[in-house]
Amino acid sequence: MPGPVLRFLRSPRAPTIVFGGALFAMAVVLVLAQWRVTFFQDTFAFLLDRQPWTLHSIVFPHNEHFVAIPVIVTKVLLAIFGMTSNVPEQVVMGITVLLAAVLLFIWLRRRVDPWLAMIAATLFLFLGSAWPTIIWPFENEFTFPVVFGMAALLFLDRKDDKGDAWASAMLVLAVLSGSLGVCFVVGAFVDLLLEHRDRGWRRAYVFAVPTLVYLAWYAVWGHSAEHHITLMNVLHSPQYVMEGFGSSLQSLTGLSTIPAGAPGNTDWGRPLAIGAIALFAFAQWRRPGYTRTFWVVTSLAVSYWLLAAFDFVPGREASAPRYIYAGALFVLLMIAELLINWPFSRKALWIAAAVAALAIGPNLVQLKEGGSWEKNQSVLTRADLGALEIARDHVSPEFQLLSVESTGTASLGLVEAGLWFEAVDKWGTFADTPSQIETEPEGGKEHADLVLAEALPISSAVEPGGLGPSGPAGTACTTLPGGSVEKEVLLKPGTTTVEVAPGDAPVIALRRFATERFPVSVSAEGGATTAIDIPKDRASQPWFLHVEAGQEARVCTGA
């Protein structure tokens, strides 16, 4: 290895500089992963349901979680930047992701070799298995508590009164940011129990203040939130804890096989968990005893997985990507406490670096897959909401985008037309314009047609009496011979009739933005007339009608 490189690697500042390079690389990765990603899914609960600046709007629970700080951040960003783009949210999310890794690096560097601290913090930084928590801004209910919680741990490390005061303040912020903050309060309580003989009980306020804040919120608002605590969940909680431990190890080692947007299992998690427990036992045999902080960080992990187990419903598996982030953090904290002050040879550090590099590769692949999934959700979200805005003059305020068959995604189930237009009038819109819908991938265009047909709505009725000698007076008619499937008629707003000669039921379908097929189906019968009513809306693009029939048909527009 060249001399200048060796001198650099031996420099005390080298691990910090290399980690700074990793932070810069991750910032670039975050930009690429979130490019053309917009608001979607649970974010609409903040955008639409919490529009007023009231205490209730800020503190009422999301599901069962206390998320006051994420709500405030969203509302401030909306007030400053509007709703035309979620790039400001992405920037804030990216800052929390990078800051959490920095705080972890500082914490680890106090306990283990600086190079080992850099390797572990970089693994956490590039934890692509936890992609929702890293690249979806809504999941700052995980990253905010981690940032504030890690800051609290660092302040507790000072073991002085000033550090305790700051730790208590950080824990209050962690509790205000999400349920994960409660786990850090549990850690502060364990720290008090272990330190009270040396430093007394007067430190009880460190955990008592954030606890009282949370209990006050729960008494007024939180108790009304939905929960899923059952005896079965409690009995299965030890298994959940083991699966959470195994899933975290699996992700840190780059062995996770869980696809983006789909459930998975811990193929490698259990053997890795068993192996890790064996290593823990070996470490105790070589050097008996645990540090006090080991029990603090272990309480963080156990309380985290237990609380998740008690409130388990399908979709909240311990291996779910969004639950990996905090679990992996806690596992790294525990490992660092077990390895505290252990000497590592240069060769051992090189091996650790090689293993970390091999683990980061698969994690980056999963991060890319997660980003691709979010980009697809964003296409559907922009196109579907663009369709909703085209239909604004006709759509009912109570209309909701609940049909996954129409929208193509479950991410819009929280959108109600009236609330959406209220938000648009305040902050602008990120939805596609009609011309932008035309540039989206085919799937987005097809679902925009389906949403538009429901929102207007396009109505149809089948009337007796089929193909007559002539069409209705005052209409422009096109006769379609039977047998051909390549039939397409440009439609005008208003009523269109399709008269079909006796025979089998024809296939009648519409398209507007779609180009490859006709996604909107219309009911029809042979020997009957189908009347289709298309309201005039805010887009200039015409509809096209397709008739597939073995018999002659006539399409008349302009009524």
**Listing of strands (runs of 3 or more DSSP E) fully contained in the range 492-548 that carry 1 or more residues being in contact with a Cys (Cβ under 6 Å, 6 or more places away or on another chain)** = 494-500
**Request:** Go through Ala336, Ala309, Ala348, Ala326 for me and flag whichever is part of a helix (DSSP H, G or I), assigned by TED's automatic domain parsing to the domain that holds Ala273 and surrounded by fewer than 22 Cβ atoms within 10 Å (Cβ to Cβ).
**Result:** Ala348
**Request:** Return yes when Leu23 is over 30 Å from Arg382 (Cβ atoms), more than 18 Å from the chain's Cα centre (by Cα) and at pLDDT below 90 and no when it is not.
**Result:** no
**Asked** Looking at (1) touching a residue at least 40 places away in the same chain (Cβ under 8 Å); (2) surrounded by fewer than 23 Cβ atoms within 10 Å (Cβ to Cβ), can you tell me which one Ala391 breaks?
**Response** (2)
**Asked** Does any residue of the range 55-62 turn out to be in a loop (DSSP other than H, G, I, E, B), hydroxyl-bearing (Ser, Thr, Tyr) and surrounded by 13 or more Cβ atoms within 10 Å (Cβ to Cβ)?
**Response** no
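Residues checked against (1) more than 15 Å from Val462 (Cβ to Cβ); (2) in contact (Cβ under 8 Å) with a residue 60 or more places away in the chain:
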| residue | (1), (2) |
| --- | --- |
| Glu499 | no, no |
| Val507 | no, no |
| Ala514 | yes, yes |
| Gly526 | no, yes |
| Asp533 | no, yes |
| Arg538 | yes, yes |
**Request:** Scan the range 315-325 for residues that are in contact (Cβ under 8 Å) with a residue 40 or more places away in the chain and out of contact with any Asp or Glu (no Cβ under 9 Å at 6 or more places or on another chain) and jot them down.
**Result:** Gly315, Ala320, Pro321, Ile324
**Item:** Criterion violated by Phe330 - all others in (1) out of contact with any Pro (no Cβ under 7 Å at 6 or more places or on another chain); (2) farther than 22 Å from Ile360 by Cα satisfied
**Value:** (2)
**Prompt:** Got at least one residue in the range 400-413 being surrounded by fewer than 19 Cβ atoms within 10 Å (Cβ to Cβ), closer than 20 Å to Ala455 by Cβ, without any contact (Cβ under 8 Å) to a residue 24 or more places away in the chain and in contact with a helix residue (DSSP H, G or I) (Cβ under 6 Å, 6 or more places away or on another chain)?
**Reply:** yes
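For every residue, the table says whether it meets (1) out of contact with any Ser or Thr (no Cβ under 7 Å at 6 or more places or on another chain); (2) crowded, with 19+ Cβ neighbours inside 10 Å; (3) at pLDDT 90 or above.
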site	(1), (2), (3)
Lys492	no, no, no
Arg511	yes, yes, yes
Thr515	yes, no, yes
Val520	yes, yes, yes
Glu525	yes, no, no
Asp533	no, no, yes
**Message:** For the range 382-421, give me the residue count where each residue is among the charged types (D, E, K, R) and closer than 24 Å to Arg36 by Cα.
**Reply:** 5
**Request:** Considering only the range 80-162, give the helices (runs of 4 or more DSSP H) lying wholly within it that have at least 1 residues that are in contact with a strand residue (DSSP E or B) (Cβ under 8 Å, 6 or more places away or on another chain).
**Result:** 140-158
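The values are calculated or read from the model by the stated rules, or taken from the named source; none is laboratory data. As the structure is a prediction and not an experimental result, all values here were calculated from the model. Every residue, glycine as well, gets a Cβ built from its backbone with ideal geometry; the counts of neighbours run over all protein chains shown.
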